[in-house]
Amino acid sequence: MGDVFGVVITGVSVFVFGQIIVKFLVEPVLRQRRVIGRIAFSLVYYACDFGNPGIGTRKRLDEASVELRRLASDLRAETQGIPFYGFWSQMRLVRGESAVLSGVGDLIQLSNSVHAGDGATNLETRRKLEDRLGITSVE
């Protein structure tokens, strides 16, 4: 009877430990990666808007600006939610924190430059952002 109890306790302990790892590490990293995927999509989808500032309908430019800023906020929030971020970035499980925070700034800059700005500068910002976040460029 004692052996059965020990096996059950060991099994439950392994399950609980596994769930802790999944909830506090795997899921936050996956959420961050999903945001980076959405950023990759938006960099293509809104390229004509930030690449040609001020051209297009007000509604479309507003949409692009809001979405780019939302993605900056999401990236910042999801990065903040990963415990021991510095350790995981050293293990190369996630991008470096300075690269991610610079990427947040790049997204904000693009968001601010949709209505007026320099298209060439915005496209260079896009390239830097893709490099920082490990997004394969389509150009």
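Quick look at the values:
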{"item": "Leading residue by the ranking (farthest from Ser65 (Cα to Cα)) among those in region 77-104 that are of a type outside the set (A, V, I, L, M, F, W, C) and in contact (Cβ under 8 Å) with a residue 24 or more places away in the chain", "result": "Pro83"}
{"item": "Where a residue in region 110-139 is in contact (Cβ under 8 Å) with a residue 12 or more places away in the chain and under 16 Å from Tyr45 (Cβ atoms) and its partner, wherever it lies, is surrounded by fewer than 16 Cβ atoms within 10 Å (Cβ to Cβ) and among the aliphatic types (A, V, I, L, M), with Cβ under 7 Å and at least six apart", "result": "Val138/Val44"}
{"item": "Condition check for Gln19: assigned to a helix (DSSP H, G or I), farther than 23 Å from Thr136 by Cβ and free of Cβ contacts under 8 Å to residues at least 24 places away in the same chain", "result": "yes"}
{"item": "Residue match in region 107-123 (condition: closer than 22 Å to Ser137 by Cα and under 15 Å from the mean Cα position of the chain (by Cα))", "result": "yes"}
{"item": "Residue ID - farthest from Thr125 (Cα to Cα), chosen from residues in region 35-66 that are touching a residue at least 40 places away in the same chain (Cβ under 8 Å) and within 15 Å of the chain's Cα centre (by Cα)", "result": "Val35"}
{"item": "Members of region 119-139 found to be at pLDDT 95 or above, loosely packed, with under 15 Cβ neighbours inside 10 Å and assigned to a loop (DSSP other than H, G, I, E, B), listed by number", "result": "Gly134"}
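The values are calculated or read from the model by the stated rules, or taken from the named source; none is laboratory data. Values in this document were obtained by computation on a predicted structure and should not be read as measured data. For neighbour counting, all protein chains shown are included, and Cβ atoms are generated from backbone atoms with ideal geometry for every residue, glycine included.
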